[in-house]
Amino acid sequence: QDIYDLAIDFSYNRLADQHRAFYYSEICRARNLRELMHHGAEVTQSDSGMDLQPSNGSGSQKVPLTLTEIQQQLPEQVQIVQYAVLEKKLLIWHVTRHAVFSTAVEAESAKLKEVVEIALRQIAQRNEGSAASLKNLYSLIIEPIREKLNPNLLLCFIADKSLHYVPFGALLSDRSGRYLVQDFRIMTSPSATVLIDLTSRAKDRTAV
């Protein structure tokens, strides 16, 4: 995980390559992560410089889709919000069939984890402070891409690390006083590649 976090950070901030950073984000979510751990990864030379690719030690490995491939196969009615929680930053991508937007938010991983844990604890205890915590989370992880979100599209969240525990639908806007689920149809997926794969399988079943 630390290695891929470094790769994501380097690609996004040093190379200014949001596509490559997104790809590394997908790799670290891959269902074959255990195989990657056993067989390793290798540094290769590409036209754009040094790259990190899964080793060919296992023929069963399935490489995640690139951001361009995900866009090409993403259903028109779906938008993706994908996160990468780094040590000092939170990277956020908003992806639709026709556009990609990304932004970096100054946020420490440990602090973000603490905010999530406090919110969950307050919700479980029916604490009055839970509303403030949910607004705080909304401000941290939704507000930076709020203007990009289309209320007419299904909103699929792909979380990372502590954000896996976030009750996205319950996040509360300080400006409108509305819960996120009141404005959007929401779903989650472990990765964008998995979302595309399952969508494709669903289409195949429907076509039968």
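The values are calculated or read from the model by the stated rules, or taken from the named source; none is laboratory data. Since this is a predicted model, take the numbers as computed values, not measurements. Cβ atoms come from the backbone with ideal geometry, glycine included; neighbour counts cover every protein chain shown. With ligands, DNA and RNA removed, areas are computed over all heavy atoms of the protein, side chains included. Shrake-Rupley method; radii C 1.70, N 1.55, O 1.52, S 1.80 Å.
A few points about this structure:
- Complete set of residues in the stretch 124-146 that are open to solvent by 50 Å² or more (accessible area, probe 1.4 Å) and closer than 22 Å to PHE22 by Cα: GLU143, ARG146
- Meets criteria (in contact with a Gly (Cβ under 6 Å, 6 or more places away or on another chain) and over 16 Å from HIS94 (Cα atoms)) for GLN122: yes
- Top-ranked residue in the stretch 173-188 [being of a type in the set (D, E, K, R) and under 24 Å from LEU74 (Cα atoms); ranked as nearest to the chain's Cα centre (by Cα)]: ARG185
- Inter-residue pairs, beta-carbon under 7 Å, first over 16 Å from GLU69 (Cα atoms) and in the stretch 8-21, second among the acidic types (Asp, Glu) and modelled with pLDDT of 90 or more, 6+ apart: SER11/ASP17
- Residue in the stretch 116-123 that is in contact with a Phe, Trp or Tyr (Cβ under 9 Å, 6 or more places away or on another chain), under 25 Å from ARG14 (Cβ atoms) and open to solvent by 50 Å² or more (accessible area, probe 1.4 Å) present: no
Residue-wise test of (1) farther than 23 Å from SER25 by Cβ; (2) outside any strand (DSSP E or B); (3) acidic (Asp, Glu); (4) more than 20 Å from the chain's Cα centre (by Cα).
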residue: ARG126; (1), (2), (3), (4): yes, yes, no, yes
residue: ALA132; (1), (2), (3), (4): yes, yes, no, yes
residue: LEU140; (1), (2), (3), (4): no, yes, no, no
residue: PRO144; (1), (2), (3), (4): no, yes, no, no
residue: LEU155; (1), (2), (3), (4): no, no, no, no
residue: HIS164; (1), (2), (3), (4): no, yes, no, no
residue: PRO190; (1), (2), (3), (4): no, yes, no, no
residue: THR206; (1), (2), (3), (4): yes, yes, no, yes
